[in-house]
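Enquirer: Please see the structure below; I have some questions.
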Amino acid sequence: MKGHEEESFFGRYTPDGEGRLANLFWRDNESLLDYNAFGDVVIIDSTYKTNTYCCPFILFVGLNNHRVSVLFACAIVANEKEETFTWVIQKFLESMNNKHPKTVVIDGDEVMCTVLNKLMPTTRHMLCAWHIGRNIGQNVKDVEVQKELGKMIYASYTIDEWEAAWDNMVDKFGLENNTWITALYEKRERFYSGVGYLRNRVLLDIYKSKNHKRKYDSHLKRVEEDVFNIFTDDIFVVIKGQILLEASFSVTSRIQFGGSEDLMFYLSQYERPNRSWTVLYKPVDGVYSCSCLQYELDGILCLHIFSVLKYQNVSVYPKSMILDRSTKGGGRLKVDHTAAKSGDDMSGRLLRYFALMAEAKKACHNLSYSAEVFDTGMVQLCGLVESSVNYWGSKKPRADQEPDNGMCNVLKDPVIARTKGMYGNKVVVAANRNVGEGNKCQKCGIPGHNIRICPLLVVETDLVGKSVKFGRSAQFGRFEKSTKADKFGNAEKSKKSAKAGNAAKSGIAVKS
C-alpha cells in the first residue's frame, strides 16, 4: 500500500461484522501540504456513487493559488448514516492535525449538515451553487422561474436587494405556497457560488506567471501591472476582468464618520441609477470592504473597490488586501533552516523535506545538461539513496484498522450499498448474494460475466420447432421465446412442423 512508501500517508478503515470492508479513508503527503496552504475553504462532495458497489465516494477538495482544484482527502463509505459521516469527518480532522477550515461547502445533504454542526461548530457552512442549480432544474419546470432563481444564486446583490428581488419573484409567479421554494428560501444564508477548475492548468499557469510579459491595456495600467507582479496568472486574469468592468462605475458621494477617520463611499453604475453600492475604507489599517462581499467570497478586490482606488488616485494594489494564498509564491511552507533543525514534529519534518528538495532540484538541474554528467550524477544519487536508508525512523502503520477487534488484515469485498435514490431492493439483494467472489453468470455459474455475454450461450430448439434463447427475462427464471427464422436454414421445416402440429389438433389434413 502507499503507506509503506510514504511515511506521512494517513489511512484508516473499518470492517463490518463479516470481515468485509465497510469504510475507508485516506490522505497522502501532497494533500496534507495543500491543506496546510489552502485549507481555509473545503468542498465536501458526497454525490459520487458510480462504482461497482454503489458506495458513496466522498471528496474533500479545495482551491489553490492558481484557482485550480486540489484534493485534500477521499473516503469510501458503506452508507450515508450520521454515524458514518461522523467517522469520516473525525478521520479528516485527525489526518489534518485537527486544523479546522474557515468555510465548508457541501451539496446540501442534511445528515452531513448535522454532523458538521457538531464537529465543526465554528466553521461557516455553505451550499454549493452548482448543486442548487441542478436541484432547481429538477424541481422547477417553469423556465422563467428557473431564470429568476439563477439570478438569485449568481447575481451580485446586497442583502436588501436580494430580499426585495426574492419577494418580487414570489409575487410575480405566485409561489407563496410552493413548499420547495419556501425550503430553498430558508437556506438562503448558505448559498455559495462555486466554480470548478481543471487540475492540469497549474504548470502552465506557473510558466506563464514567470515568463510571460503582459500587455497592460486597461485604463488603470499601473494598477494592472502591479497586480501581474503580485498574483498568479489565473488570479491576474480574474482581477483584470474586475478592472475592465470598473469603467462604468463612479463614486457619487463620500461621507466621513464623526469621530473617526473611516470613509464611506457611495457608488452607482452608468445608465443604472436605481442601484447603488457602498465601500467602507479604514485608513488606520488600510482595509476596504464592499457591500457586494466579493472579497469575502473570492479573496480579490471587486470593481467597486477599484473605482474607489481610482477616485483616491491610488495606483497600486493595496498591500493590506493581498492574500498569501493567491500570490505567485504563496501557499507553501517557507523554508526556515533554524526551525527545520529544531522541530521534531510533522511541521519540522516538512520543513526539512522542502529544504532538501530545494537543493536536490538545483543539483538535478545542473546534472541534466549532458549525458556524461548525467551518468556521474546518477551514480552519486544512487549512493546517497542507499546511505540515507540508515537514517529512517521506525515505520508506523499508515492504514490502521478501526476498531482493533483481532481480525486479520485481509478484507472481503464490501456489500453493495443501498444509498438515497436507489431503485428497489431486488438489485442490491441479488447482487449481494455472491459478494466476495463476484457476480455469477446464471447460465454457466462462472463469475466475471453475465448471461447476456456468456460464451456458452447457444440457441436451443423446443419440441414444436420454435427457437428458444436465454434473454434478459431469463434472469428472473423465465425464457424468452423467439419466432424468428432459424439461423441454419431450418425456417421452412419449423413452419411446416408447426402447421402439422396445429392441423393434427384440429383434425384437418395439410397438403405438403
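Enquirer: How much length is gained if the chain between A358 and T158 is pulled fully straight, taking 0.36 nm per residue apart and subtracting their Cα-Cα distance, in nm to one decimal?
Expert: Extra length from A358 to T158 when fully extended: 67.3 nm.
Enquirer: While we're looking at this one, here's another question. Would you work out the Kirkwood radius for the range 40-142? I mean one over the mean of 1/r across all pairs of different Cα atoms, in Å.
Expert: 14.5
Enquirer: So, one more: Could you tell me the relative contact order of the range 1-138? Use alpha-carbon pairs under 8 Å, at least six residues apart, and round to a whole percent.
Expert: The value is 20 percent.
Enquirer: Now for a separate question. Where in the range 349-389 are there chymotrypsin sites (Phe, Trp or Tyr not before Pro) that are in a DSSP coil and have at most 16 other Cβ atoms within 10 angstrom of their Cβ?
Expert: Y369
Enquirer: Hey, for a label at S248 modelled as a point 7 Å past Cα toward Cβ, could you say which residues of the range 299-331 have their backbone N under 20 Å away?
Expert: Backbone N within reach: 301-311.
Enquirer: Hey, another quick one. Using alpha carbon coordinates only, what is the Rg to Rh ratio of the range 93-171, with Rh defined as the Kirkwood radius?
Expert: Across the range 93-171, the Cα-based Rg/Rh ratio is 1.09.
Enquirer: A further question follows. Estimate the FRET efficiency between V238 and Y311 by the formula 1/(1 + (r/R0)^6), using the beta-carbon distance for r and 30 Å for R0, to the nearest 0.05.
Expert: 0.85
Enquirer: Let me have the relative contact order for the range 227-316, percent, based on Cα pairs under 8 Å that are six or more residues apart.
Expert: 25
Enquirer: Hey, another quick one. Of the heavy-atom accessible surface of the range 65-140 (probe 1.4 angstrom), what whole percent is carbon and sulfur?
Expert: Within the range 65-140, the accessible surface is 50 percent carbon and sulfur.
Enquirer: Take the cross-link list K81/K412; K151/K172; K240/K310 and give me the ones stretching past 19 Å between alpha-carbons.
Expert: K81/K412
Enquirer: Also, quick follow-up: What is the gain in length, in nm to one decimal, between K221 and K412 on full extension, counting 0.36 nm per residue of separation less the C-alpha to C-alpha distance?
Expert: Going from the current span to full extension adds 62.4 nm.
Enquirer: Further, regarding this structure: From the cross-link list K215/K362; K328/K361; K282/K319; K215/K319; K102/K282; K91/K118, which pairs have alpha carbons spaced over 21 Å apart?
Expert: K215/K362; K215/K319; K102/K282
Enquirer: In the range 236-288, which GluC sites (Glu not before Pro) are in a loop and have at most 13 other Cβ atoms within 10 Å, using DSSP for the loop call?
Expert: E261, E271
Enquirer: Going from most exposed to least, what order do W162, W26 have by accessible area with a 1.4 Å probe?
Expert: The most accessible residue leads, giving W26, W162.
Enquirer: Something else: How far is it, in nm, from the label point at E176 to the one at T123 when both lie 7 Å from their Cα along the line to the Cβ?
Expert: Result: 4.1 nm between the two label points.
Enquirer: May I ask you to give the solvent-accessible area per residue for the range 249-326, in square angstrom, as obtained with a 1.4 angstrom probe?
Expert: Ligands and nucleic acids excluded, the figure is 53 Å² per residue.
The values are calculated or read from the model by the stated rules, or taken from the named source; none is laboratory data. The shown structure was predicted, so the numbers you read here are calculated from the model rather than taken from an experiment. Because the Cβ atoms are built from the backbone with ideal geometry, glycine has one as well, and the counts that use them run over all protein chains shown. Keep in mind that these areas ignore ligands, DNA and RNA; they rest on the heavy atoms of the full protein, side chains included. Shrake-Rupley method; radii C 1.70, N 1.55, O 1.52, S 1.80 Å.
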